[in-house]
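Visitor: Before I ask anything, here is the structure I am working with.
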Amino acid sequence: AYDAQEQVVEERTASLKKTNEELVEEIERRKKLEVDLVRAKEEALDAKSAEERFLANMSHEIRTPLNSIVGFTRLIMDTDVSPQQLEYLKSVKYSSNHLLAIINDILELSKIKAGQLDLEQAPISTRELAFSVINTVMINAQNKGINLDCEVAPNVPQGIKGDAVRLGQIL
């Protein structure tokens, strides 16, 4: 009986030793996996940071000459130009402003991703802002045969504090 018990103990000892070796291997595998995950996270953060820097730099580099195009177009429109030239200039101005808005959105998106978007907290007249937004799109709407009207509900506060640019974008 003693030999049988000793045999059982040896088998269990061998089994425990094997299980222990497997656990050591699993722990080593998981440690390596953790190191790989930390490295991958760092690489992802570096890539994200590089993307954000690229977007911000690209946006700034494109905005500068585009602002010149918009400004010079306005100046030329104030000179004595033919009606056909004026139409061409209006198209250039519209397209430039549209492209500038897209670039500004890209820059803003990169700021949002980087957590660097600062919202202004300034007094805003809600009605003035609403009518300003309508006036901005009124000409394009009229050119498309769309009649716009703006009505501010009486329960909307006259004034609020916030970021007029962002609220205007939402409107």
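Visitor: Could you give log10 I(q)/I(0) at q = 0.28, 0.30 Å⁻¹ for region 1-55, computed by the Debye formula over C-alpha point scatterers of equal weight, without solvent?
Guide: Summing over Cα pairs of region 1-55 leads to -0.96, -1.01.
Visitor: I want the local charge near VAL38. Using Cβ-Cβ distances under 12 Å, sum +1 for each Lys or Arg and -1 for each Asp or Glu among the other residues. Don't skip to the end; give the middle numbers.
Guide: Numbers: positive: LYS31, LYS32, ARG39, LYS41; negative: GLU34, ASP36, GLU42, GLU43.
Counting the neighbours of VAL38, the net charge comes to 0.
Visitor: If you stretched the chain out fully between ILE69 and ARG53, how much longer would it get, using 0.36 nm times the residue separation minus the C-alpha to C-alpha distance?
Guide: Values: separation 16, 0.36 × 16 = 5.76 nm, distance 2.48 nm.
This chain segment gains 3.3 nm when fully extended.
Visitor: Another question, then. Probe radius 1.4 Å, ligands and nucleic acids ignored: give me the carbon and sulfur share of the accessible area of region 22-106 as a rounded percent. All intermediate terms of the calculation are to be shown ahead of the outcome.
Guide: Details: 4040 of 6700 Å².
Ligands and nucleic acids excluded, carbon and sulfur reach 60 percent.
Visitor: Under 17 Å from the Cα of LYS41, which lysines turn up, not counting those fewer than eight places away in the same chain?
Guide: Partners found: LYS31, LYS32, LYS113.
Visitor: For Cα Rg over 2.2 N^0.38 Å, pick the label among (1) 1.01; (2) 2.11; (3) 1.12 that corresponds to the value derived from the coordinates.
Guide: Derived directly from the coordinates: (2).
Visitor: I'd like the accessible area for THR136, computed on protein heavy atoms only with a 1.4 Å probe and all protein chains in place. Round to 10 Å², please.
Guide: 100
Visitor: Then there is this: DSSP loop GluC sites (Glu not before Pro) in region 55-123 with at most 12 other Cβ atoms within 10 Å of their Cβ, which ones? Walk me through the numbers on the way to the answer.
Guide: On the way: sites: GLU61, GLU87, GLU108, GLU120; in loops: GLU120.
Loop-located and lightly packed - GLU120.
Visitor: Based on DSSP H runs of at least 4 residues, each adding -39500 (n - 2.57), what is the mean residue ellipticity at 222 nm of the chain after dividing by all its residues, to the nearest 500 deg cm²/dmol? Kindly include the intermediate steps, with their values, before the conclusion.
Guide: Values: 4 runs with 133 residues, N = 171.
Taking each H run of at least 4 residues, the total per residue is -28500 deg cm²/dmol.
Visitor: Here is a follow-up. Full extension from ASN20 to LEU37: what is 0.36 nm times the residue separation minus their Cα-Cα distance, to one decimal in nm? Spell out each step's value before the answer.
Guide: On the way: separation 17, 0.36 × 17 = 6.12 nm, distance 2.53 nm.
Taking 0.36 nm per residue and subtracting the Cα distance, the gain is 3.6 nm.
Visitor: Report the extension gain between VAL9 and ARG29 in nm, rounded to one decimal, defined as 0.36 nm multiplied by the number of residues separating them, less their alpha carbon distance. If you can, show how the numbers build up before the last one.
Guide: Details: separation 20, 0.36 × 20 = 7.20 nm, distance 2.97 nm.
Extending this stretch completely gives an extra 4.2 nm.
The values are calculated or read from the model by the stated rules, or taken from the named source; none is laboratory data. Values in this document were obtained by computation on a predicted structure and should not be read as measured data. We place every Cβ from the backbone using ideal geometry, glycine too, and count neighbours over all the protein chains shown. Areas reflect the complete protein model, heavy atoms only, side chains present, ligands, DNA and RNA absent. Shrake-Rupley method; radii C 1.70, N 1.55, O 1.52, S 1.80 Å.
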